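Asker: Below is a structure I'd like to ask you about.
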Amino acid sequence: MRLFSLAAPVAVLALAAACGVDGQDGAAAPTGAPLETRPANGVGQRPAFPGQTRAPGVRTETALVHTTVASGLEEPWGLALLPDGRWLVTERPGRLRIVTAGGEVGEPVVGLPAVDARGQGGLLDVVVGPGFGQDRLIYWSYAEPREGGNATSVARGRLSPDGTRIDDVQVIFRALPVYDGTMHFGSSLAFSGDGRLFITLGERSDTPMRPQAQDLGSHLGKTIRVNADGSVPDDNPFVGRAGALPEIWSLGHRNVQGIAIADNGDVWTVEHGARGGDEVNLDRAGLNYGWPEVAYGVEYRGGPINGGVTAREGTEQPVYYWDPVIAPGGMAIYDGAMFPGWRGNLLVAALKEKHIARLVIENDRVVGEERLLTGLGERVRDVAVAADGAVWAITDETDGKLVRLAAR
């Protein structure tokens, strides 16, 4: 095991109450000035309903402190908690490590398949299987090199008792079609309470690939739902439909890199927009979330996306969108005891804006937003909640960090 220094600075954020709501004790829906004050890229675009963007700012009453627990990780991407309190952390170049709560970073776990780590590709998300206590199965997504290019795949394997290797590796899902590109692989993983595995996929970014998000004969730009062994659940929405791939749960996504499933079974996803238009979606079976026919924001190069259409019959509106973007990574639903007033809130990692966005949810709408971990000054890639209710995050840097955010 390699031990990385724990002597990194500890930052304390004393956060005073604002709007008189949403601290440790919880309260009614906040009202007040929007947290975001920068001009929007989508000039003249209007939200479809009040509160769809620029939610009122809220503040946590409790003082918070963040501690850098480990450093020296190379572009960490996925974060998953093991039952014993250690963390599985993926590094995009293709390594999986185990990091203890005390900051000991293990050598790379042996046995993972090769990845295509060009551009945005590589080893991506990791989750612990629902039966880990009995079978020690973990699951991971990655950009798999294939004939003619690459595509996102998901594999599973048994973590050895000593945590040094993965045995019995099996690829349970391979996205199609293959494409020779380096962008928009997705991919986030989450298990629902009934043991189904959700997989999010990007549409591969390049303009000729965008229509894939609307094509039911393609996995790209979709949320996928499979059984834990990769087989297709009988109740998936497109099972039996001619020309449709049965693994598809929903369509019309750009590049989803965060997913979280609530106790009631609601599936929440977060995806990257272009210049404006990062989206939070309540991701429901069989629905079309619009990309590239409908979008907020504008093209990276400037100019409207598909003529500037932001709503169309037959497509779903995002629950929330950011313009300007935050470049969202992973996401978690807070369910811990440390911050009772946060329960049911969405915690969204922000790469470009270097924070965690806490979204207060009421009746499936965002009614308040807070920026956490702003003092760290690094790209936050993924976020998770530990057993004690502390929030943990990884930063997407060449000297990536594992960070704990807790009540002081």
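The values are calculated or read from the model by the stated rules, or taken from the named source; none is laboratory data. Because the structure is a prediction, the values reported are computed rather than measured. Heads up, the Cβs are rebuilt from the backbone with ideal geometry, glycines too, and the neighbour counts pull from every protein chain shown. Please note that ligands, DNA and RNA were not included when accessible areas were found on the heavy atoms of the full protein model with its side chains. Shrake-Rupley method; radii C 1.70, N 1.55, O 1.52, S 1.80 Å.
Asker: When you check Gly217 against the structure, is it surrounded by fewer than 17 Cβ atoms within 10 Å (Cβ to Cβ), touching a residue at least 12 places away in the same chain (Cβ under 8 Å) and at positive phi, yes or no?
Answerer: Details: surrounded by fewer than 17 Cβ atoms within 10 Å (Cβ to Cβ): yes; touching a residue at least 12 places away in the same chain (Cβ under 8 Å): yes; at positive phi: no.
Spelling it out, it is not the case that Gly217 is surrounded by fewer than 17 Cβ atoms within 10 Å (Cβ to Cβ), touching a residue at least 12 places away in the same chain (Cβ under 8 Å) and at positive phi.
Asker: From (1) crowded, with 23+ Cβ neighbours inside 10 Å; (2) part of a loop (DSSP other than H, G, I, E, B); (3) without any contact (Cβ under 8 Å) to a residue 60 or more places away in the chain, pick out the condition that doesn't hold for Ile199.
Answerer: (2)
Asker: From (1) closer than 14 Å to Glu279 by Cβ; (2) open to solvent by 10 Å² or more (accessible area, probe 1.4 Å); (3) not β-branched (Val, Ile, Thr), pick out the condition that doesn't hold for Leu376.
Answerer: All conditions are met except number (1).
Asker: Another one. Ala262: under 20 Å from Asp215 (Cα atoms), in contact (Cβ under 8 Å) with a residue 40 or more places away in the chain and surrounded by fewer than 21 Cβ atoms within 10 Å (Cβ to Cβ), yes or no? Please lay out each step first, then the result.
Answerer: Values: under 20 Å from Asp215 (Cα atoms): no; in contact (Cβ under 8 Å) with a residue 40 or more places away in the chain: yes; surrounded by fewer than 21 Cβ atoms within 10 Å (Cβ to Cβ): yes.
Answer is no for this residue.
Asker: What are the residues in segment 229-250 that are outside any loop (DSSP other than H, G, I, E, B) and open to solvent by 10 Å² or more (accessible area, probe 1.4 Å), if any? Show your work before the answer.
Answerer: Filtering segment 229-250 for residues outside any loop (DSSP other than H, G, I, E, B) gives 248-250.
Once the filter is applied, which keeps residues that are outside any loop (DSSP other than H, G, I, E, B) and open to solvent by 10 Å² or more (accessible area, probe 1.4 Å), segment 229-250 yields only Trp249.
Asker: Test Ser205 against the stated conditions and say whether it is modelled with pLDDT of 95 or more, under 14 Å from Tyr142 (Cβ atoms) and of a type in the set (Ser, Thr, Tyr). Outline the logic, then answer.
Answerer: Numbers: modelled with pLDDT of 95 or more: yes; under 14 Å from Tyr142 (Cβ atoms): no; of a type in the set (Ser, Thr, Tyr): yes.
Answer is no for this residue.
Matching residues to (1) closer than 29 Å to Ala386 by Cβ; (2) more than 21 Å from the chain's Cα centre (by Cα):
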{"residue": "Val128", "(1), (2)": "yes, no"}
{"residue": "Arg136", "(1), (2)": "yes, yes"}
{"residue": "Pro161", "(1), (2)": "yes, yes"}
{"residue": "Thr182", "(1), (2)": "no, no"}
{"residue": "Phe185", "(1), (2)": "yes, no"}
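Asker: Then there's this: Please pick out the residue among Ala357, Ala349, Ala332 that is of a type in the set (Gly, Ala, Ser), under 17 Å from the mean Cα position of the chain (by Cα), crowded, with 24+ Cβ neighbours inside 10 Å and more than 21 Å from Leu201 (Cβ to Cβ).
Answerer: Details: Ala349 fails: more than 21 Å from Leu201 (Cβ to Cβ); Ala332 fails: more than 21 Å from Leu201 (Cβ to Cβ).
Of the residues listed, the single one that is of a type in the set (Gly, Ala, Ser), under 17 Å from the mean Cα position of the chain (by Cα), crowded, with 24+ Cβ neighbours inside 10 Å and more than 21 Å from Leu201 (Cβ to Cβ) is Ala357.
Asker: Enumerate the pairs (first residue in segment 119-133 and at positive phi and at pLDDT 95 or above; second residue anywhere and buried (at least 20 other Cβ atoms within 10 Å of the Cβ) and in a strand (DSSP E or B)) with beta-carbon separation below 9 Å, excluding pairs fewer than 6 apart on the same chain, so at least 6 apart or on different chains.
Answerer: Gly119/Ala143; Gly122/Trp77; Gly122/Thr90; Gly122/Glu91; Gly122/Tyr142; Gly122/Ala143
Asker: Of everything in segment 153-172, what is farther than 14 Å from Ala114 by Cβ, open to solvent by 10 Å² or more (accessible area, probe 1.4 Å), of a type outside the set (Lys, Arg) and in a strand (DSSP E or B)? Give them in sequence order.
Answerer: Asp167, Asp168, Gln170, Ile172
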